[in-house]
Amino acid sequence: IRKIGVLTSGGDAPGMNAAVRAAVRRGISLGAEVVGVRRGYAGLIAGEFVDLGVSSVGDIIHRGGTFLQTARSDHFLTPEGQAQALAKAREAGIEGLVVIGGDGSFRGALRLTELGLPAVGVPATIDNDIYGTDLTIGFDTAVNTCLDAIRKIRDTATSHERTFVLEVMGRHSGWIALAAGLAGGAESILLPERPMPMEEVVTRLKRGVERGKRHTLIIVAEGVGSGFEVGRQIREMTGYDTRVMVLGHIQRGGSPTALDAMLASRMGAKAAEVLLEEGRGGLFIGVENEQMVTRPLEQVLGRRKEIPDELVDLAEILAI
Ligand code: F6P
């Protein structure tokens, strides 16, 4: 392999730029040419390529978002779309591809590998829900964004003796809610993986208030349902002064934390090595016990990383 492409796909995540930079610079250090693909698979189909030299990825390691931009492409899900993408890659002389994204992006990477273009996945999603890696790029930054919000809300909640419901992202996964709730000392954390009846939420809430707590923070993962609905039910069941906040896409932006910038640098570089030194595709890069590992894509697709019971239990114990 002498020329590789790099693309970012799916929802953006802080650290994607650092991962692109690492793949580009490691690729060049191994003697390859590197091409950036704009707008994910949509850009691959349209042949939106940009040559990436060492300096073209300067001054991006600390930036949120993805300078290559990203998209969710329906056309790429079709055999015609995939054939077009493959043809464009061939035309541009791309012989290997680094795909930075989540589960859906990995599906595309596997498909391209099967069609003859070796592709390697780099897990980047704030959701941290990819099986086979302890962490995904962007998760730590998103959790820190939530934590910042929790701490600010805590100030005003205490002043007014209010209950706050904070809805955080996580379409199918409670990782962000669990990590932010545990680190932020929330009273209840509602997770799609571990449904908690509203009666229990309210019992815990009342117990805290009776014990003299001057605020209550309830974190709701998006996958459980609307934070506004949870707030409405709490108000109805308790009569407590309750406010709701939906954190939304603010969780997807911002400079990557040190942990994310480092993880992205290691993973991006490793992806270039797997393609250029080993000549292999159909794999993704993970981190396990702080070591970089490679795993076959087909082993992880469609499997969601479980949230650890131990952390859920601990959050409950500490929130009495
Ligand atoms: O997968 C990342 C994520 O931020 C989810 O947590 C969230 O449900 C979804 O993307 C939102 O996607 P969109 O970019 O389409 O609003």
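The values are calculated or read from the model by the stated rules, or taken from the named source; none is laboratory data. These figures come from a predicted structure and were not determined experimentally. Quick reminder, even Gly has a Cβ in these numbers, built from the backbone with ideal geometry, and neighbours come from all protein chains shown. The protein model used for the area step is the full one, side chains on, heavy atoms only, and it has no ligands, DNA or RNA in it. Shrake-Rupley method; radii C 1.70, N 1.55, O 1.52, S 1.80 Å.
Determine which member of the set GLY254, GLY225, GLY212, GLY239 is within 16 Å of the ligand (Cβ to nearest atom), without any contact (Cβ under 8 Å) to a residue 40 or more places away in the chain and open to solvent by 20 Å² or more (accessible area, probe 1.4 Å). Criteria check complete, one pass: GLY225.
If the condition is being of a type in the set (Ser, Thr, Tyr), touching a residue at least 24 places away in the same chain (Cβ under 8 Å) and away from the ligand (no atom under 16 Å from the Cβ), then the range 1-57 contributes only SER56. Residue pairs whose Cβ atoms lie under 7 Å apart, separated by 6 or more positions or on different chains, with the first residue in the range 291-314 and over 20 Å from ILE100 (Cβ atoms) and aliphatic (A, V, I, L, M) and the second in a loop (DSSP other than H, G, I, E, B) and open to solvent by 50 Å² or more (accessible area, probe 1.4 Å), are ILE307/GLU193. Here CYS146 clears all of (1) in contact with a Leu (Cβ under 7 Å, 6 or more places away or on another chain); (2) away from the ligand (no atom under 12 Å from the Cβ) except the condition numbered (2). Considering only residues in the range 150-191 that are open to solvent by 10 Å² or more (accessible area, probe 1.4 Å) and of a type in the set (Val, Ile, Thr), the one that is farthest from the ligand (Cβ to nearest atom) turns out to be THR158. Just to be sure, is ASP134 in contact (Cβ under 8 Å) with a residue 40 or more places away in the chain, acidic (Asp, Glu), within 16 Å of the ligand (Cβ to nearest atom) and surrounded by fewer than 24 Cβ atoms within 10 Å (Cβ to Cβ)? No; evaluated as a whole, the condition is false for this residue.
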